[in-house]
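Participant: Before I ask anything, let me first share the structure, which is written out below as structure tokens.
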Amino acid sequence: MTRVRAFGDDALSDLDAIGVVHALRSGTVSRVELVEAAIARAEAVNAALNGVAYRAYDSARTRAAARTRYGGFFDGVPTFVKDNVAVAGMPTMEGADAWHPRPEAADGDFARDYLATGLLPLGKTQMSEFGFSASAEHPRLRPVRNPWDTDRTAGASSSGAGAFVAAGVVPIAHANDGGGSIRIPASCNGLVGLKPTRGRLPLDRTVRQMPIRIVANGVVTRSVRDTAAFFREMERIRPARTLPPIGDVTGPGRARLRVVVFTSSLKRECAPEVRQRTLDTAALLERLGHRVEVRDERPPVPATFADDFVLYWALLAMALVRGGRRRFGDSFDRSRLDNLTLGLDRHAARNLHRLPGALARLALTRRQSEPMMRDHDVVLTPTLTEEPPRIGHLDPMADYPQIIGRLEDWVAFTPLQNITGDPAISLPLAQSEAGLPIGMMFTARAGQEAMLLALAFELEEAQPFPRL
């Protein structure tokens, strides 16, 4: 097992994002020192982790050196942006190499607000092709590796973000989630990852046009307080008028919650080790005074859910493959796409007659899961069914049936909240016998991020998270 750490005796030290803010405000570090430290760290570990998709180091240095203060709570804190949102001056390649990159003319809707918090981007992080796989293993762009064990996946699609935050390159990085892609790398890399309620944070135009808006933006961090502060600051910039406010969550809540626990998904029971860690987390919740009910059954989700979700993803892949030239330009070459993307495209084409029914059933999923959420405050499951697999297990160039079967087997708990729109947070509360992180996922009703963050603070205090 090879572990990779970027932490060092420099301006970033082992500080989380709020720690960096305090150091900046006290004058013990400067923005220039922080940016140089983060660049040095990125370059020191990138050969091992492969987290960088695009370097914007020169513009980061220019911005850091400017006398102008850009405003925002995180002003000067270095970060990376995932390579599927538009940032002015940077190309957007979405984890692919199937067309010639071109710089974006302007920030997209999300990046505009994200950067208004003061976060200072060093570039973009690597992801799986179009975000379809839960492991970034592109045949030409190379796999993104886990800093806890470089033989293992860092999870995806926000793989580079997860690897770099866990390794200590930056304290906070953008991630987004269309089937678990904030929570999966959070689980694999021992991080905090909150997928917010649908509509909480802005989306770029192309994502807003999806028939079902499954994607949500967010961040991965090493501490609960960083995640809570990020959502507080984003809410100050652009509050979600249709949702309850999150506000400034700074510690555990007093309310004792009704928690229901599942260790089985629609597809399978999770691995024995993961099941035991989930039950250990349930026992911790009981010791803290929460009311816990463990159910030895699958969650109340329609039996067709997994197949319908894959078919919806296949529809999105077909739109990208068949509309690639229109979206990405004349240089688009579908022959350079991986087998997972092309296999999803074929799956959609063969099952177009099933799409109306699948979309209708997915739209009803929230209504069918409401009784469970009405009777409980929080649902606890493992984030994933197994510890992070070895590189190659989810090879996107394998035969499509193998890839999709293994993905459905591993990523069995996270897609539900993308369809219902409910918030869910993965917390690094467990480790495998091999010393790899195992995330625990907590789901609440729409708009209840404040409750999830308060619970996360309580759990972090009771059982501090392991760090590299």
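Participant: Is it the case that Ile391 is among the β-branched types (Val, Ile, Thr) and open to solvent by 10 Å² or more (accessible area, probe 1.4 Å)? Working first, answer last.
Facilitator: Details: among the β-branched types (Val, Ile, Thr): yes; open to solvent by 10 Å² or more (accessible area, probe 1.4 Å): yes.
In short, yes.
Participant: Would you point out the residue of the range 227-246, among those that are among the hydrophobic types (A, V, I, L, M, F, W, C) and over 21 Å from the mean Cα position of the chain (by Cα), that is least open to solvent (accessible area, probe 1.4 Å)?
Facilitator: Going through the range 227-246, the residues among the hydrophobic types (A, V, I, L, M, F, W, C) turn out to be 228-231, 234, 237, 240, 243, 246.
Of the ones still in play, those that are also over 21 Å from the mean Cα position of the chain (by Cα) are 237, 243.
Values: Ile237: 65, Leu243: 32 Å².
Step by step, filter the range 227-246, then rank; the result is Leu243.
Participant: Evaluate the range 157-165: report whether one residue or more is in contact (Cβ under 8 Å) with a residue 40 or more places away in the chain, more than 11 Å from the chain's Cα centre (by Cα), within 24 Å of Asp97 (Cβ to Cβ) and open to solvent by 10 Å² or more (accessible area, probe 1.4 Å).
Facilitator: no
Participant: Would you list the helices (runs of 4 or more DSSP H) that sit entirely within the range 24-131 and hold 3 or more residues that are open to solvent by less than 10 Å² (accessible area, probe 1.4 Å) and under 17 Å from Val165 (Cβ atoms)?
Facilitator: 31-49
Participant: If only one of Ala216, Ala186, Ala134, Ala175 is farther than 30 Å from Leu355 by Cβ, small (Gly, Ala, Ser) and surrounded by 24 or more Cβ atoms within 10 Å (Cβ to Cβ), which one is it? Break it down into steps so the answer makes sense when it comes.
Facilitator: On the way: Ala216 fails: farther than 30 Å from Leu355 by Cβ; Ala134 fails: farther than 30 Å from Leu355 by Cβ; Ala175 fails: farther than 30 Å from Leu355 by Cβ.
Exactly one residue qualifies, and that residue is Ala186.
Participant: Can you go through Gln402, Gln368 and tell me which one is polar (S, T, N, Q), modelled with pLDDT of 95 or more and open to solvent by 10 Å² or more (accessible area, probe 1.4 Å)? Spell out the reasoning first.
Facilitator: Values: Gln368 fails: modelled with pLDDT of 95 or more.
Criteria check complete, one pass: Gln402.
The values are calculated or read from the model by the stated rules, or taken from the named source; none is laboratory data. Note that this is a predicted model, so its numbers are computed, not measured. Here Cβ is always computed from backbone atoms with ideal geometry, including for glycine, and neighbour counts include all displayed protein chains. Surface areas here come from the heavy atoms of the whole protein model, side chains and all, with no ligands, DNA or RNA. Shrake-Rupley method; radii C 1.70, N 1.55, O 1.52, S 1.80 Å.
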